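Student: Supplied in C-alpha cells, the structure appears directly below.
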Amino acid sequence: MNSMVSFSAASKDYQSGRYVKSLETLNALLETQKDSKTYGLLAKTLLQLGMKADAARAFALAGEAGGSSGIEFTRRAAALHHECGNEEDALLLGLRLMAQGHLDADIAYILASIYQERGRDDLLSPFRKILAESGNVEHTRLAVRLLRNDPNDQSQAFLARSLFKRFPDIVSMRMLYLIFARAVCDLTSVKRHQRLVDELLAKGEHDILQHDTEFYVLQWCGDEALNRLAKGRHRPISEAHVAERRSRPHNWSSKIRIGYLSNDLFDDHATMKLLRRVLELHDRDRFEVTLYCHTDEKGIARNKADRSRWGNIVRIVGMTDEEAATLMREHEIDVLVDLKGPTFETRYSILNHSVAPVHVSWLGFPGSAIDTDLDYIIGDRYVLPETSKPHYHEKFIRLPDTYQPNDPVHRPRPRAAGRAEFGLPEDKFVFASFNGSRKITPATVDVWCNILRRAPDSVLWVLAMSPAAEANLKQYFKQQGIPTKRVIFCPRADYQTHIDRQQAADLALDTWPYNGHTTTSEQLWGGLPVLTLKGTNFASRVSESLLNAIGLPELVAPDVQRYEDLAVELYENPERIEALKQTIEDNRHIKPLFDAERFCRHIETAYEMAVARAKQGLVPDHIDVPARPVRNEPFSVEDTIATPAETGGYKLFDFG
C-alpha cells in the first residue's frame with residue numbers, strides 16, 4: 001500500500017464525513033507508518049465517531065511522535081483524558097507539558113482540578129494566577145476555589161480583588177471577595193456585601209451557597225441547615241460505596257489499631273497544643289496508634305518535641321490518596337480518625353478510598369464534612385445537641401464533658417505578668433479578644449462598641465493578625481464613634497507570653513458565629529474568664545462546651561442582648577471578675593477541661609464502642625460515651641510517662 005496515497009485517501013474520507021472508511025484506512029496504514037500526522041488524523045477520526053477515550057490515546061501517541069504539532073496534540077490528549085475521567089493519564093501529560101515549559105490556562109485547569117479533587121492544596125500555587133487571568137469562565141470559577149485556600153496571602157488577595165472588579169455581578173466572585181475582606185477585617189465592605197448575600201438567602205436563593213465552601217461559610221453563617229448547602233470539595237459518594245467499605249472482610253486483633261491523619265503533627269501547631277498529651281496517654285496495651293503524617297518539611301523543622309512518643313509516625317508526603325489508602329489497609333487500621341476536614345492543606349479525601357471499617361472526623365473541622373465517607377463525628381452534648389442530627393450525614397459520638405482535648409503538661413503554665421509590660425492602663429477595665437481576624441464580624445464588633453459606650457472606663461485589647469487588619473479595625477471603631485485610645489492592639493506573641501498576657505485582662509469577649517476554640521481554652525488556662533454567646537451550630541457552640549467543662553456555665557449568654565448586658569454588669573462589679581478568676585484557679589486542675597487522662601479514657605471508650613458495632617456488622621449509630629466518676633483530687637500535671645526508647649516502642653517510617 002502506498003502510504004502517501006493511503007493517508008491522502010483517509011484525509012479525504014475524513015473531510016467528507018466518511019469516518020468509518022477513514023478509520024479503516026488509517027488502521028491499515030499504521031501497520032507501517034507510525035508518525036505524528038497519522039496518529040493525529042486517527043485521533044480526530046475517533047473523536048468524530050464518539051470514541052473519546054481512544055481519541056485521547058491516539059492524540060497522546062501523536063504528541064510522542066513529535067513534529068510541529070506535537071505539543072498541541074499532547075494538549076488535546078490531556079484535555080480528552082480529563083474529560084473522560086482518566087485522571088492519571090491527564091495528570092501525566094499535563095505535568096509533561098508543564099516540565100517542557102508549555103503550561104497554559106487549559107493545562108493549568110486540568111492539573112489544578114485534579115490536585116484540588118485529591119486535596120493536594122500544597123501543589124496548587126503554580127496555577128492560581130494563570131487561571132485568574134484567563135478569559136475562560138470555567139477557569140475563573142476554578143481560580144475562585146483555589147484562591148480561597150489562603151486568605152492571608154497578599155498575592156491571592158490582589159487576584160481576588162481583581163476578579164471581583166472584572167465580574168462584580170457573579171455571586172462566586174462576591175463570595176471570594178468576602179473571604180479576603182474578612183481576613184483583613186474590612187468590616188465596612190463585609191457589611192455592605194454580606195447584606196446583599198443575606199437578601200438573596202431571604203428570598204430563598206439558597207443555591208448561592210454553592211459558591212462558598214463548607215469551611216468559609218462557617219465564618220458568617222450559624223444556620224446548620226444552610227451550612228449543609230455549601231460546596232463540598234469531593235464528588236458525592238454513593239451509599240453502595242459506603243456499604244461496600246463497611247462490609248469488607250477485616251482482620252481484627254486484640255488491640256484496636258487507630259490511625260490519625262493530619263499535617264499538623266508538630267508541637268507548635270494549635271492542634272498539637274490540644275492533642276499531644278492525649279496521644280502520649282493512649283493505653284498501649286489496648287491500642288496501637290499510628291499517625292499518618294503529611295506535615296511539610298517546614299513544620300517538621302519547627303517541631304521541638306519527641307514525636308515518637310505520640311505513636312508510630314508514617315510519612316505519606318508525596319503519596320497519592322490511593323497509595324496512602326492502600327498503605328493504611330495494609331496496616332489493617334480499624335479506626336481512621338481525620339484531624340483536618342475541609343481545611344487548609346488537608347488530605348481528608350483519602351477517606352473516600354475505603355480505608356477502614358470505621359471512619360471518624362474529629363477536632364480539625366467544626367461541622368459536617370460534605371460528600372466525605374465518614375461514619376462518625378466526635379463532639380459533645382453542647383456542640384452536637386439533638387437538634388443538630390438532621391444536618392449531619394455522620395452519626396454522633398458525644399463525649400461526656402467536652403469534645404476538645406487539652407494538654408496540662410506541655411502547655412506552659414501562666415507566669416505572673418503585669419499590665420505595664422503589655423502597654424495596658426492600670427486604672428481601666430480591660431476587655432480582650434485574641435481570636436483570629438476572620439472571626440471578627442461586623443455584628444460582633446457592633447456589640448463590642450455598645451459595651452464600650454456603656455462601660456466608659458474601659459478599653460478593648462484586640463489581637464491584630466496583620467497590619468491591614470489593625471488599620472481596618474481602627475477605621476471601623478472610629479466610624480462607630482469609639483476613640484482610638486480605647487482600642488489597644490497587640491501583635492502575635494510567643495506561646496509563653498501569649499499564655500502570660502491573659503491575666504492582664506479582666507474579661508475576654510468571644511466572637512460569633514465562629515467562637516474561639518483553641519483560643520478559648522488558652523484564655524481559660526491563662527486565668528481569663530470568657531464571655532460567649534449561645535450558638536446555633538458546632539463552630540458557634542465551642543466556647544459553651546469549654547466553659548461548662550471548667551465550671552463556668554454562667555458565662556454563656558442566651559442571646560446578644562444578654563451578652564452585652566452581662567459584659568456591662570461584670571464591668572460594673574469587679575468583685576465578680578475576681579470571683580470568676582478564682583473559680584478558674586480552683587478548677588483548672590480538677591475539672592474536666594484540662595484533664596487529659598480523663599479525656600483519653602473517654603475517647604478510648606468511644607473507639608471501643610464504635611469498633612464493637614463494626615465487629616458485629618452493625619451500621620453506625622449515635623453513641624453517647626458514659627462519664628467516668630468525677631475527681632475529688634487534682635490530676636497530675638507531671639510528665640511521668642516512659643519514653644519509647646525506654647519501652648522499645650514507637651518508630652518513624654518515611655514512605656514518601
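Student: Scan the range 550-563 and give yes if some residue there is among the β-branched types (V, I, T), under 32 Å from the mean Cα position of the chain (by Cα), surrounded by fewer than 20 Cβ atoms within 10 Å (Cβ to Cβ) and within 29 Å of V337 (Cβ to Cβ), otherwise no. Talk me through it step by step, then tell me what you get.
Tutor: The first filter runs over the range 550-563 and keeps only residues among the β-branched types (V, I, T), leaving 550, 556, 560.
Next cut, under 32 Å from the mean Cα position of the chain (by Cα) only: 550, 556, 560.
Next cut, surrounded by fewer than 20 Cβ atoms within 10 Å (Cβ to Cβ) only: 560.
Checking the rest, the ones that are also within 29 Å of V337 (Cβ to Cβ) come to none.
Looking through the range 550-563, none of the residues is among the β-branched types (V, I, T), under 32 Å from the mean Cα position of the chain (by Cα), surrounded by fewer than 20 Cβ atoms within 10 Å (Cβ to Cβ) and within 29 Å of V337 (Cβ to Cβ).
Student: Now a separate question. When you look at E297, is it in contact (Cβ under 8 Å) with a residue 24 or more places away in the chain and among the acidic types (D, E), yes or no?
Tutor: Numbers: in contact (Cβ under 8 Å) with a residue 24 or more places away in the chain: no; among the acidic types (D, E): yes.
No.
Student: Here's a check for you: in the range 212-237, which residue that is at pLDDT 95 or above and small (G, A, S) is surrounded by the fewest Cβ atoms within 10 Å (Cβ to Cβ)?
Tutor: In this case the residue turns out to be A225.
Student: Now a separate question. Scan (1) among the polar types (S, T, N, Q); (2) more than 21 Å from Q219 (Cβ to Cβ); (3) free of Cβ contacts under 8 Å to residues at least 40 places away in the same chain for the single condition T402 breaks and write down its number.
Tutor: T402 satisfies all of (1) among the polar types (S, T, N, Q); (2) more than 21 Å from Q219 (Cβ to Cβ); (3) free of Cβ contacts under 8 Å to residues at least 40 places away in the same chain except (3).
Student: A further question on this structure: Is there a residue being touching a helix residue (DSSP H, G or I) at 6+ places or on another chain (Cβ under 8 Å), among the basic types (K, R) and either closer than 21 Å to S125 by Cβ or touching a residue at least 40 places away in the same chain (Cβ under 8 Å) (or both) anywhere in the range 91-99?
Tutor: The initial filter retains those residues of the range 91-99 that are touching a helix residue (DSSP H, G or I) at 6+ places or on another chain (Cβ under 8 Å), namely 91, 93-98.
Narrowing further to those that are among the basic types (K, R): 96.
Those left that are additionally either closer than 21 Å to S125 by Cβ or touching a residue at least 40 places away in the same chain (Cβ under 8 Å) (or both): 96.
Within the range 91-99 (the criterion being touching a helix residue (DSSP H, G or I) at 6+ places or on another chain (Cβ under 8 Å), among the basic types (K, R) and either closer than 21 Å to S125 by Cβ or touching a residue at least 40 places away in the same chain (Cβ under 8 Å) (or both)), the answer is yes, since at least one residue qualifies.
Student: Let me ask another. Can you work out which of the residues in the range 89-142 that are touching a Leu at 6+ places or on another chain (Cβ under 6 Å) and within 16 Å of G63 (Cβ to Cβ) is surrounded by the fewest Cβ atoms within 10 Å (Cβ to Cβ)?
Tutor: I107
Student: Out of curiosity, is K34 outside any helix (DSSP H, G or I), on the phi < 0 side of the Ramachandran plot and surrounded by fewer than 22 Cβ atoms within 10 Å (Cβ to Cβ)?
Tutor: On the way: outside any helix (DSSP H, G or I): yes; on the phi < 0 side of the Ramachandran plot: yes; surrounded by fewer than 22 Cβ atoms within 10 Å (Cβ to Cβ): yes.
Spelling it out, K34 is indeed outside any helix (DSSP H, G or I), on the phi < 0 side of the Ramachandran plot and surrounded by fewer than 22 Cβ atoms within 10 Å (Cβ to Cβ).
Student: So which helices (runs of 4 or more DSSP H) are wholly in the range 74-192 and hold at least 1 residues that are of a type in the set (F, W, Y) and modelled with pLDDT of 85 or more? Can you show your working first?
Tutor: Numbers: elements: 87-99, 105-117, 128-132, 137-147, 154-166, 171-183.
Counting at least 1 such residues, we get 105-117, 154-166, 171-183.
Student: Tell me whether the range 474-488 contains one or more residues that are touching a Phe, Trp or Tyr at 6+ places or on another chain (Cβ under 7 Å), of a type outside the set (V, I, T), surrounded by 17 or more Cβ atoms within 10 Å (Cβ to Cβ) and at pLDDT 95 or above. Reasoning before the result, please.
Tutor: To start, the set of residues in the range 474-488 that are touching a Phe, Trp or Tyr at 6+ places or on another chain (Cβ under 7 Å) comprises 487-488.
When the remaining residues are screened for being of a type outside the set (V, I, T), the result is none.
Among the residues of the range 474-488, not one is touching a Phe, Trp or Tyr at 6+ places or on another chain (Cβ under 7 Å), of a type outside the set (V, I, T), surrounded by 17 or more Cβ atoms within 10 Å (Cβ to Cβ) and at pLDDT 95 or above, which makes the answer no.
Student: Looking at R302, R276, R307, can you tell me which residue is buried (at least 18 other Cβ atoms within 10 Å of the Cβ), at pLDDT below 95, among the basic types (K, R) and within 23 Å of R411 (Cα to Cα)? Outline the logic, then answer.
Tutor: On the way: R302 fails: buried (at least 18 other Cβ atoms within 10 Å of the Cβ); R276 fails: at pLDDT below 95.
After applying the criteria, what remains is R307.
Student: Got at least one residue in the range 366-379 being assigned to a helix (DSSP H, G or I) and among the polar types (S, T, N, Q)?
Tutor: Within the range 366-379, none of the residues are assigned to a helix (DSSP H, G or I) and among the polar types (S, T, N, Q).
Student: A further question on this structure: Mind listing just one residue for me: the one in the range 249-261 that is surrounded by fewer than 24 Cβ atoms within 10 Å (Cβ to Cβ) and closer than 24 Å to S349 by Cβ and, of those, farthest from the chain's Cα centre (by Cα)? Give the derivation first.
Tutor: So in the range 249-261, the residues surrounded by fewer than 24 Cβ atoms within 10 Å (Cβ to Cβ) come out as 249-257.
Those still in the list that are closer than 24 Å to S349 by Cβ too: 250, 257.
Values: H250: 30, R257: 25 Å.
Going through the qualifying residues, I end up with H250.
Student: Still on this model: Test H269 against the criterion of being under 19 Å from the mean Cα position of the chain (by Cα) and at pLDDT below 95, and give yes or no. I'd like the intermediate steps shown before the answer.
Tutor: Working: under 19 Å from the mean Cα position of the chain (by Cα): yes; at pLDDT below 95: yes.
It is true that H269 is under 19 Å from the mean Cα position of the chain (by Cα) and at pLDDT below 95.
Student: Scanning for something over 37 Å from the mean Cα position of the chain (by Cα), surrounded by fewer than 15 Cβ atoms within 10 Å (Cβ to Cβ) and outside any helix (DSSP H, G or I), does the range 55-66 turn up at least one residue?
Tutor: yes
Student: Can you find a residue that is at pLDDT 95 or above, in a helix (DSSP H, G or I) and among the acidic types (D, E) anywhere in the range 634-655?
Tutor: no
Rundown of residues vs (1) under 18 Å from Q15 (Cβ atoms); (2) in contact with a Gly (Cβ under 8 Å, 6 or more places away or on another chain); (3) hydrophobic (A, V, I, L, M, F, W, C), yes/no style:
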{"position": "D35", "(1), (2), (3)": "no, yes, no"}
{"position": "L41", "(1), (2), (3)": "yes, no, yes"}
{"position": "T45", "(1), (2), (3)": "yes, no, no"}
{"position": "L49", "(1), (2), (3)": "yes, no, yes"}
{"position": "L61", "(1), (2), (3)": "no, no, yes"}
{"position": "A65", "(1), (2), (3)": "no, no, yes"}
{"position": "I71", "(1), (2), (3)": "no, yes, yes"}
{"position": "A77", "(1), (2), (3)": "no, yes, yes"}
{"position": "G85", "(1), (2), (3)": "no, no, no"}
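Student: Related question: When the residues of the range 581-596 are narrowed to those that are aliphatic (A, V, I, L, M) and either in a helix (DSSP H, G or I) or touching a His at 6+ places or on another chain (Cβ under 6 Å) (or both), which ends up surrounded by the most Cβ atoms within 10 Å (Cβ to Cβ)? I'd like the intermediate steps shown before the answer.
Tutor: Let us first name the residues in the range 581-596 that are aliphatic (A, V, I, L, M), namely 584, 590, 593, 596.
So of that shortlist, the ones also either in a helix (DSSP H, G or I) or touching a His at 6+ places or on another chain (Cβ under 6 Å) (or both) come out as 584, 593, 596.
Working: I584: 23, L593: 28, A596: 25.
Going through the qualifying residues, I end up with L593.
Student: Pick from S437, S458, S466: which is in contact with a Cys (Cβ under 7 Å, 6 or more places away or on another chain) and either of a type outside the set (G, A, S) or not assigned by TED's automatic domain parsing to the domain that holds A270 (or both)? Give the steps one after another, and end with the answer.
Tutor: Values: S458 fails: in contact with a Cys (Cβ under 7 Å, 6 or more places away or on another chain); S466 fails: in contact with a Cys (Cβ under 7 Å, 6 or more places away or on another chain).
Being in contact with a Cys (Cβ under 7 Å, 6 or more places away or on another chain) and either of a type outside the set (G, A, S) or not assigned by TED's automatic domain parsing to the domain that holds A270 (or both) holds for just one of S437, S458, S466, which is S437.
Student: Something else about it: Determine whether P342 is of a type outside the set (F, W, Y) and not assigned by TED's automatic domain parsing to the domain that holds R486.
Tutor: Numbers: of a type outside the set (F, W, Y): yes; not assigned by TED's automatic domain parsing to the domain that holds R486: yes.
In short, yes.
The values are calculated or read from the model by the stated rules, or taken from the named source; none is laboratory data. Note that the coordinates shown come from a computational prediction; the quantities given were computed from them, not determined experimentally. With ideal geometry, Cβ positions are generated from the backbone for all residues, glycine too; neighbour counts draw on all protein chains shown.
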